[in-house]
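K.L.:
Below: one structure in structure tokens.
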Amino acid sequence: MGPLGAAIWLSRLGLRQSELMENPYPIYHTWREEHPVWEVEPGQWILFRYEDTKRVLTEPAFVKGEPWTESPPPEYPYLPDLSPSMLMSNPPDHTRLRGLVSQAFQPRHLKRLEPFITKLAEDLVEQLVSQSGGNLVADFAFPLPAFVIAELLGVPQSDHGRFRAWSQQVARLLDPSQTPEARQHAAAARWELLDYFHHLIAKKRQQPADDLLTELIRAESEGDRLSPGELLSMALLLLVAGHETTTNLLSMGTLALIEHSQLPDDWHLAIEELLRYTSPVQLDARLTAGPLTIEEFEIPEGSWLTVAIGSANHDPAIFANPDSLNLTRSPNPHMAFGRGIHFCLGAGLARMEAAIAFPILWRQRWTLEGQPLWNENIVLRGLTALPVKVGA
């Protein structure tokens, strides 16, 4: 059936998806207490506790799955076959792919983006204030990280807006609860985006620039370390993973601050708590490379394990008063960025964007001006609309 069990555990409990989107944590508490290790179907397991989640994400007995390739549809005959991105790869391929891009995410390289992020955040907030409010998702939380990752990749600013629809569609492919029709639209958007990257890469081969795509192209040419299919997969991963979760952090974090009527003295501590409290990535999955035991459960080789990161980040065995927002919580060993070899490569960029964006946004006081609307993605939980206005 594949990873995440096609989200059948929702229907097994008679649970509507909208219930889980709005506030999953009371539900997680019930599941964690009643069946922390749960076989929802033969070969499909879901785990809810912090320590079990940490084990699955860090130990080599749990892998991303078998290698695969994917051929483009007939309308794109010139595109190469896609290889797994580093997100879906295991060592040694994962090690090689991550090594090619990791240097670009070092703090010294990210620092050059600070002026761009600051100016963008100030412009977006100024526009919100000038109209006394708006939809914080569409007007701030989405465009900021989307334009930042586009800038990092080297996408011309004139094309930044095109990524909004593409990336939102492509993110739906990570959610197993989407309808077949929605997944078909998302797959079409993915190939459109890959086609765009194919042509952009061709231009950068002729006109190199100081950006991440050019660096990846150079890495490919030095010893054939990155194939054309790997290059496209990497670009796609960096775009979607590089902004979707940050969008959800900015929007859900703002909602949490409004609902709790709190503002921090230390934004760095607060951002870690907002990451834990909101858990923009709710689920991840691994395949067992061999038979293993979790408590009294014998789990066969080749089983899919879904780990509920959102549940782990609210586990009272680790976090005191886990459903309370404590902006000074320390230590805060949350797993919002995962753990192990697949720890989010863009964690430093996400933290930097949040550390710049939140203080600029909260130079003003914001209140709700309507009902927040949640997305329908059980993996990347977030808001589609957050109507806000200026003032107390």
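K.L.:
Cβ under 12 Å from ILE271's Cβ, ILE271 left aside: what net charge do those residues give with Lys, Arg +1 and Asp, Glu -1?
P.N.:
Combined, the nearby Lys, Arg, Asp and Glu give -1.
K.L.:
Also, I was wondering about something else. In deg cm²/dmol and to the nearest 500, what is the mean residue ellipticity at 222 nm of the chain if only DSSP H runs of at least 4 residues count, each as -39500 (n - 2.57), divided by the residue total?
P.N.:
Computed mean residue ellipticity for the chain: -14000 deg cm²/dmol.
K.L.:
Moving on to the next point. Which whole-number percent gives the relative contact order of the chain, counting Cα pairs below 8 Å spaced six or more residues apart?
P.N.:
Relative contact order of the chain: 27 percent.
K.L.:
Only Cα pairs within less than 10 Å get springs; with that Gaussian network setup on the chain, which residue of ASN248, ASN135, ASN23 has the largest fluctuation?
P.N.:
Maximum fluctuation in the GNM of the chain, among the listed residues, is at ASN23.
K.L.:
When we measure straight from the Cα of LYS203, which lysines land under 27 angstrom away, once same-chain ones fewer than 8 places off are left out?
P.N.:
Partners found: LYS111.
K.L.:
Near LYS54, which lysines are there with a Cα under 16 Å away, not counting those fewer than 8 places off in the same chain?
P.N.:
List returned: LYS64.
K.L.:
Still on this model: Could you check the spin-label model distance between ALA202 and SER102? Points 7 Å from the Cα along Cα→Cβ, value in nm.
P.N.:
With each label placed 7 Å out from Cα toward Cβ, I get 3.4 nm.
K.L.:
What value does the chain have for Rg/Rh, both radii from Cα atoms and Rh as Kirkwood defines it?
P.N.:
0.95
K.L.:
Can you order the peptides 116-129, 69-82, 375-388 by their average number of other Cβ atoms within 10 Å per residue, highest first?
P.N.:
Order by mean packing, descending: 375-388, 116-129, 69-82.
K.L.:
Right, here's the next one. What are the aspartates and glutamates whose alpha-carbon lies under 18 Å from the alpha-carbon of LYS389, with same-chain residues fewer than 8 places away excluded?
P.N.:
GLU122, ASP123, GLU126, ASP139, GLU259, GLU369
Only the coordinates and a few stated rules stand behind these numbers; no lab work does. The structure presented is a predicted model; accordingly, all values stated were derived computationally and were not measured. Virtual Cβ from ideal backbone geometry, glycine too; neighbours counted across all protein chains shown.
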